[in-house]
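The next block holds one structure in the form of structure tokens; read it before the comments.
The values are calculated or read from the model by the stated rules, or taken from the named source; none is laboratory data. Keep in mind it's a predicted model, so treat the numbers as computed, not measured. Positions of Cβ are backbone-derived with ideal geometry, glycine not excepted, and every protein chain shown enters the neighbour counts.
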Amino acid sequence: MEHIVIIGNGISGVTAARHIRKLSDKKITIISSETEHFFSRTALMYVYMGHMKFEHLKPYEDWFWKKNRIELQQGFVKTIDVKSKTLHFTEGFTMTYDKLVITTGSKPNKFGWKGEDLNGVQGLYSKQDLENLEIYAPNNKTCRHAVIVGGGLIGIELAEMLNSRNIPVTFLVRESSFWNGVLPQSESEMLNKHIKNHHIDLRLSSNLKEIISDQNGKVKSIIIQETGEEISCDFVGLTTGVSPNIDFIKESEIETKKGVLVNRFLETSIPDIYAIGDCAEQREAIGNRPVIEAVWYTGRMMGETLAQTLCGNKLEYKPGHWFNSAKFFDIEYQTYGWVFPEPKENHAHFHWIHQDDSKCITMEYNTITNEFLGINTFGIRMRHEVFDTWLSEKQNIDYVISHLEAANFDPEFYKHFEKDIQASFKKTLQTI
Amino acid sequence: MSTKLNFSLSLAKPDQDLSTKQKVAVGLGAIGLFILFLAFLNIDFPNRVLFLSAALGLITIGTIVFANSAYLKKTEGIKNDGVWFKSISSRGILGWITGIILTAFYIVLYFYPQYLGLGMDGAANTGLISLFDPLSQLLSGRPASQWFVYGTFYTLAILIFGYKFLLKYRHNRYEQIRTGSVMFFQLAFAFLIPEFMYRLNSGLPYYDLKNIWPLNYYLFDEWSVKSFLSSGNIGLALLLFGIASIFIITPILTYKYGKRWYCSWVCGCGGLAETAGDSFRQLSDKSLKAWRLERWLVHTVLVFSVVMTIATVYTYLGYDSNDFWLTKGVFISLAIAFLSLVFLLTMIFKRDALGKDAKYGAIGYFITIALLLILYFTGTTHEVFFITSGNLRSAYGFYIGSIFSGVVGTGFYPIFGNRVWCRFGCPMAAILGFQQRLLSKFRITTNGGQCISCGNCSTYCEMGIDVRAYAQKGENIVRSSCVGCGICSAVCPRGVLKLENDSMKGRINPTEILLGNDVDLMDLINQK
């Protein structure tokens, strides 16, 4: 029986395993050094905030794996011998495979800052990171002040987490406005205000210079590059993005760049070895997508696709229309299609914002063809299926605006803003 | 490595200290409770009106001040910070103490009302119950009973914790309107109207119009039916309304809106669970085992209550059709015919929707019919199933009405969650659930591929539905137990869930590949 070994028990590897089991009787082993069972990484924040216990993060009950004959192996793969198709573990044992799937995910970026390896300095990615957070920032007595470096999705989540335990937070963001490398300016500014409303000390255009140690090798303070200001703190969160977690592969014959290089079939340079999820790097970008997509949904989609290939239905990874979502403190965000921070050539933005500064939408469209290209929506839930259909049908912006109600996904009895948005769109057209 | 480590219980626990304002609020509420406790110890207050008002007033003010302090200063949004760190809401010591006190209260209430001061054999009330005499006199013109005291506590709890809930979810209009609805129905229909009705017509039995058979399991008891019939046209109208409620009104509303129209908008048990019980919703068991137990238990209770009700009516019907057309024989035949019709229609039109459950449905049906036949061939006016009918009735009232719905259902809130009764024991919920599953426009829609499997929805589902299991497959949630409280949708951080009433077509939509992937692949796999 063919033995498929998957390194990593995140969403990509587990999705692949589940679908392989649905399609075949192959022997499946999932290897992890992080946890025994699959859990939702994106929800680690809720454990720290006390919304859930770690047990609640497991999407499948513990009996699920045995019932579906998916073997779970605890261990850390040290090297891959691709000739003999053997994995060598740091624990000393080995395992052979017929097909290997690398889904080792990401690790937090560090940029060689002085003091970046001190105690109390960490990213937020793994279960171990969360355990360390409980040691260095369990409450506002042990951690009187925290500094977060890096204004992305994990940074703002960490700010929300620390805030939930009344730990004062200084939030250093390199950009001139929060996440404005991704979001249009008005949206980014709305979030700046929202962050400050939660009593976060948001410092824009601020970089970390260095982290200073106390006599015990624990963080004592940080210094800001631009101003030279020293901020004393007991905890530093480094949330300046993630990169593929593939150090153990660098030594092998498998071709890597930043991530494990794969073609559209998710095959690496070595036959019978595949890579999916955060650790995979496409040789050529697919559409507007980055070559490394460190997103829950794309990991899952790669898993769904690769399972087909491994079970005899060879398939290219062909993601559909881009979508994503996040939550910034109390404001939910969803995006469908592409909205760039600045409209691309021959594109324009239509922007609507509610006066309470907690809801807004931005649509990008082509000014020549009027084709609707994408939407960012804050504080108003929208239907994935409807936007996916509109994008496939290449609907024009007028159609989308006038049918917006069909896409609304807010709970019943919520106030609707379609009329307001439509009126605002009309006004925009008149001024152009 | 150890994965058994439970790091929400790490060495240094996060602070969950109360603010000064909250401490004062707790103090006020405690004084109010203390007055009630003194009354319970049979201290006779000189001015009952004053002390009763003070007790209830202080409890109310304490809760309002506490809730204001907890929510009003914070921004609008989900407020579940620290739920699993707080002793009361995570089966900690406070949770257990609360559970034990509540359980003890229910035991005294149901079985030893004299300890609460109920005057036996016409004697005047003493103790706690006598403290409530002035209020009862004001409303219905009679002294209080243990049920009046309980009803007052119950209504007060729904109102003050409803207020707390309204503040907690002040960003969510669905929750606001729904909570307003349960508060209204409790205050008006369960508490005030029956008291006023007694004033107008003292022959009528206590009748909460929204309390529908089989939840209202004594509606068709002989004494109940007799007192309706002896109360003139209004009594007859009420009895007919009771019958119409279950056979006509309920199916129509459930078809249009799902069982939520009742369970989380109208019902008193649901009302208490959604308000006073809100802090315990995360304690419900989400395992597959619990789901299995739930289905066996709740449907067994349903079969039991259907058979019990038929048996009860059977005992007081006559044998001779010359006296009254509805004889024992006609009645049993009608009951069997009705159940068979429901069974056949379900099997003919909804066989696919039932799937593997069809077998269990059939077992339930045949057991019910067999019991009714045994009833017919062995039952007499005094005995059913070879047991004195009165004993069987009181056993049902005892085990289901008292132990299950009261002692376990509410007393164990802080241990098993706030919907234990609704989930495992309520026969009304079972009937509505059956309709919701097979013949309703209601579902919880999953938003394409947006789920991140975080687990908030499952954790905060009071009915123990593993909502995430559906959401992460991109599948709509169509479950008989869902009471439509809307909290899964509220706590979802990615806008994945929406309660809605839409067409029956495409309501149940199992998918293999989620939205967002290759269109050809989705077609290939999902349309198969």
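Going through A:92, A:120 one at a time, which residue ends up being on the phi > 0 side of the Ramachandran plot, at pLDDT 95 or above and surrounded by fewer than 19 Cβ atoms within 10 Å (Cβ to Cβ)? If you could, list the steps in order and put the result at the bottom.
Values: A:120 fails: surrounded by fewer than 19 Cβ atoms within 10 Å (Cβ to Cβ).
One residue alone meets the criteria, A:92.
Restricting the search to region B:62-106, which residues are assigned to a helix (DSSP H, G or I), buried (at least 16 other Cβ atoms within 10 Å of the Cβ) and of a type in the set (Val, Ile, Thr)?
First, pick out the residues of region B:62-106 that are assigned to a helix (DSSP H, G or I): B:62-72, B:93-106.
Subsequent filtering for residues that are buried (at least 16 other Cβ atoms within 10 Å of the Cβ) retains B:62-71, B:95, B:98-99, B:102-103, B:105-106.
If the condition is that a residue be assigned to a helix (DSSP H, G or I), buried (at least 16 other Cβ atoms within 10 Å of the Cβ) and of a type in the set (Val, Ile, Thr), then B:63, B:64, B:65, B:98, B:103 are the ones that fit.
Tell me which strands (runs of 3 or more DSSP E) are completely within region A:307-361 and hold 3 or more residues being buried (at least 18 other Cβ atoms within 10 Å of the Cβ) and at the interface with chain B (Cβ under 9 Å from one of its Cβ atoms), or say none if there are none. Give the steps one after another, and end with the answer.
On the way: elements: A:323-328, A:331-337, A:347-353.
Output list reads A:323-328, A:331-337.
Can you list residue pairs whose Cβ atoms sit under 6 Å apart, with the first residue in region B:274-287 being at pLDDT 95 or above and the second being charged (D, E, K, R) and in a loop (DSSP other than H, G, I, E, B)? Count only pairs 6 or more apart in sequence or on different chains.
Pairs found: B:281/B:462; B:284/B:462; B:286/B:466.
Does at least one position in region B:211-219 carry a residue that is away from every other protein chain (no Cβ under 14 Å), within 25 Å of residue B:251 (Cα to Cα) and not in a loop (DSSP other than H, G, I, E, B)?
Let us first name the residues in region B:211-219 that are away from every other protein chain (no Cβ under 14 Å), namely B:211-219.
In the following step, the residues that additionally are within 25 Å of residue B:251 (Cα to Cα) were identified as B:211-219.
Checking which are not in a loop (DSSP other than H, G, I, E, B) leaves us with none.
No.
Would you point out which residue out of B:225, B:182 is in a helix (DSSP H, G or I) and within 21 Å of residue B:425 (Cα to Cα)? Step through it out loud before you land on a result.
On the way: B:225 fails: within 21 Å of residue B:425 (Cα to Cα).
Step by step, each of B:225, B:182 is checked, and only B:182 is in a helix (DSSP H, G or I) and within 21 Å of residue B:425 (Cα to Cα).
In region B:107-126, which residues are surrounded by 16 or more Cβ atoms within 10 Å (Cβ to Cβ) and more than 30 Å from the chain's Cα centre (by Cα)?
B:119, B:125, B:126
Would you point out which residue out of A:86, A:142 is more than 25 Å from residue B:453 (Cβ to Cβ), β-branched (Val, Ile, Thr) and in contact (Cβ under 8 Å) with a residue 40 or more places away in the chain?
Working: A:86 fails: in contact (Cβ under 8 Å) with a residue 40 or more places away in the chain.
Exactly one of A:86, A:142 is more than 25 Å from residue B:453 (Cβ to Cβ), β-branched (Val, Ile, Thr) and in contact (Cβ under 8 Å) with a residue 40 or more places away in the chain, namely A:142.
Return yes when residue A:236 is touching a residue at least 40 places away in the same chain (Cβ under 8 Å), over 25 Å from the mean Cα position of the chain (by Cα) and not assigned by TED's automatic domain parsing to the domain that holds residue A:331 and no when it is not.
Working: touching a residue at least 40 places away in the same chain (Cβ under 8 Å): yes; over 25 Å from the mean Cα position of the chain (by Cα): no; not assigned by TED's automatic domain parsing to the domain that holds residue A:331: yes.
Against the criterion (touching a residue at least 40 places away in the same chain (Cβ under 8 Å), over 25 Å from the mean Cα position of the chain (by Cα) and not assigned by TED's automatic domain parsing to the domain that holds residue A:331), residue A:236 does not qualify.
Return the residue satisfying two criteria in turn: it lies in region A:179-205 and is within 14 Å of chain B (Cβ to nearest Cβ) and in contact with a Leu (Cβ under 8 Å, 6 or more places away or on another chain), and of such residues it is farthest from residue A:232 (Cα to Cα).
Filtering first and then ranking leaves A:191.
Got at least one residue in region B:377-396 being part of a helix (DSSP H, G or I) and farther than 30 Å from residue B:108 by Cα? Give the derivation first.
Quick first cut of region B:377-396, residues part of a helix (DSSP H, G or I) only: B:377-378, B:389-396.
Right, trim to farther than 30 Å from residue B:108 by Cα and you get B:377-378.
Yes, the conditions are met somewhere in region B:377-396.
Identify all residues within region A:146-178 that are over 16 Å from the mean Cα position of the chain (by Cα) and within 12 Å of chain B (Cβ to nearest Cβ); write none if there are none.
A:160, A:161, A:162, A:163, A:164, A:165, A:166, A:167
State all residues of region B:179-198 that are surrounded by 23 or more Cβ atoms within 10 Å (Cβ to Cβ) and within 14 Å of another protein chain (Cβ to nearest Cβ); if no residue qualifies, say none.
B:179
Only one of B:290, B:244 is of a type in the set (A, V, I, L, M, F, W, C), within 23 Å of residue B:467 (Cα to Cα) and not in a loop (DSSP other than H, G, I, E, B). Can you tell me which? Break it down stepwise before answering.
Details: B:244 fails: within 23 Å of residue B:467 (Cα to Cα).
Of B:290, B:244, the one residue that is of a type in the set (A, V, I, L, M, F, W, C), within 23 Å of residue B:467 (Cα to Cα) and not in a loop (DSSP other than H, G, I, E, B) is B:290.
Name every residue in region A:275-300 that is farther than 30 Å from residue B:172 by Cα, within 13 Å of chain B (Cβ to nearest Cβ) and in contact (Cβ under 8 Å) with a residue 40 or more places away in the chain, in order of residue number.
A:276, A:299, A:300
For residue A:104, which of the numbered conditions (1) without any contact (Cβ under 8 Å) to a residue 40 or more places away in the chain; (2) away from chain B (no Cβ under 14 Å); (3) touching a helix residue (DSSP H, G or I) at 6+ places or on another chain (Cβ under 6 Å) fails to hold?
The number of the failed condition is (1).
Limited to region B:53-88, what total is found for residues that are of a type in the set (Ser, Thr, Tyr), within 14 Å of chain A (Cβ to nearest Cβ) and touching a Leu at 6+ places or on another chain (Cβ under 8 Å)? Give the steps one after another, and end with the answer.
Our first condition is that a residue be of a type in the set (Ser, Thr, Tyr); within region B:53-88, this holds for B:53, B:60, B:63, B:69, B:71, B:75, B:87.
Pick out the ones that are also within 14 Å of chain A (Cβ to nearest Cβ) and you get B:71, B:75, B:87.
Filter once more, keeping what is touching a Leu at 6+ places or on another chain (Cβ under 8 Å): B:71, B:87.
The qualifying residues number 2.
Only one residue in A:10, A:75 is under 25 Å from residue B:456 (Cα atoms), touching a strand residue (DSSP E or B) at 6+ places or on another chain (Cβ under 9 Å) and not hydrophobic (A, V, I, L, M, F, W, C), so which one is that? Full working, then the answer.
Numbers: A:75 fails: under 25 Å from residue B:456 (Cα atoms).
The unique qualifying residue is A:10.
Inside region A:1-75, counting only helices (runs of 4 or more DSSP H) that do not spill past its ends, which hold 1 or more residues that are surrounded by 24 or more Cβ atoms within 10 Å (Cβ to Cβ)? Steps first, answer last, please.
Details: elements: A:11-23, A:44-48, A:63-67.
So the answer is A:11-23, A:44-48.
For residues that are under 21 Å from residue B:486 (Cα atoms) and assigned to a helix (DSSP H, G or I), tally how many sit in region A:406-426.
As a first pass, look at region A:406-426 and keep what is under 21 Å from residue B:486 (Cα atoms): A:406-416.
Still in the list and also assigned to a helix (DSSP H, G or I): A:406-407.
Residues in region A:406-426 being under 21 Å from residue B:486 (Cα atoms) and assigned to a helix (DSSP H, G or I): 2 in total.
In the set A:316, A:253, A:332, which member is charged (D, E, K, R) and out of contact with any Phe, Trp or Tyr (no Cβ under 9 Å at 6 or more places or on another chain)? I'd like the intermediate steps shown before the answer.
On the way: A:316 fails: out of contact with any Phe, Trp or Tyr (no Cβ under 9 Å at 6 or more places or on another chain); A:332 fails: out of contact with any Phe, Trp or Tyr (no Cβ under 9 Å at 6 or more places or on another chain).
Just one listed residue meets the conditions, A:253.
Tell me which residues, restricted to region B:405-438, are under 17 Å from residue B:263 (Cα atoms) and in a loop (DSSP other than H, G, I, E, B).
B:409, B:410, B:417, B:418, B:419, B:426, listed by residue number.
Return yes when residue B:448 is in a loop (DSSP other than H, G, I, E, B), within 14 Å of chain A (Cβ to nearest Cβ) and under 20 Å from the mean Cα position of the chain (by Cα) and no when it is not.
On the way: in a loop (DSSP other than H, G, I, E, B): yes; within 14 Å of chain A (Cβ to nearest Cβ): yes; under 20 Å from the mean Cα position of the chain (by Cα): no.
No: the conditions fail for residue B:448.
Are any of the residues in region B:128-136 surrounded by 17 or more Cβ atoms within 10 Å (Cβ to Cβ), assigned to a helix (DSSP H, G or I), free of Cβ contacts under 8 Å to residues at least 24 places away in the same chain and among the β-branched types (Val, Ile, Thr)?
Yes, the conditions are met somewhere in region B:128-136.
Taking residue A:352, is it of a type in the set (A, V, I, L, M, F, W, C) and under 17 Å from the mean Cα position of the chain (by Cα)? Can you show your working first?
Details: of a type in the set (A, V, I, L, M, F, W, C): yes; under 17 Å from the mean Cα position of the chain (by Cα): no.
No.
Checking the condition farther than 21 Å from residue B:483 by Cβ and surrounded by 13 or more Cβ atoms within 10 Å (Cβ to Cβ), which residue from B:300, B:346 passes?
Details: B:300 fails: farther than 21 Å from residue B:483 by Cβ.
Matching residue, one of B:300, B:346: B:346.
Residue check: is residue B:48 basic (Lys, Arg), within 28 Å of the chain's Cα centre (by Cα) and over 26 Å from residue A:330 (Cα atoms)? Walk me through how you get there before you give the answer.
Details: basic (Lys, Arg): yes; within 28 Å of the chain's Cα centre (by Cα): no; over 26 Å from residue A:330 (Cα atoms): yes.
No; evaluated as a whole, the condition is false for this residue.
Sort through A:415, A:427 and tell me the only one that's modelled with pLDDT of 95 or more, on the phi < 0 side of the Ramachandran plot and loosely packed, with under 13 Cβ neighbours inside 10 Å. Spell out the reasoning first.
On the way: A:427 fails: modelled with pLDDT of 95 or more.
Just a single option satisfies the conditions, and that option is A:415.
Of the numbered conditions (1) surrounded by fewer than 17 Cβ atoms within 10 Å (Cβ to Cβ); (2) out of contact with any strand residue (DSSP E or B) (no Cβ under 6 Å at 6 or more places or on another chain); (3) under 29 Å from residue B:218 (Cβ atoms), residue B:287 fails exactly one; give the number of that condition.
Unmet condition: (3).
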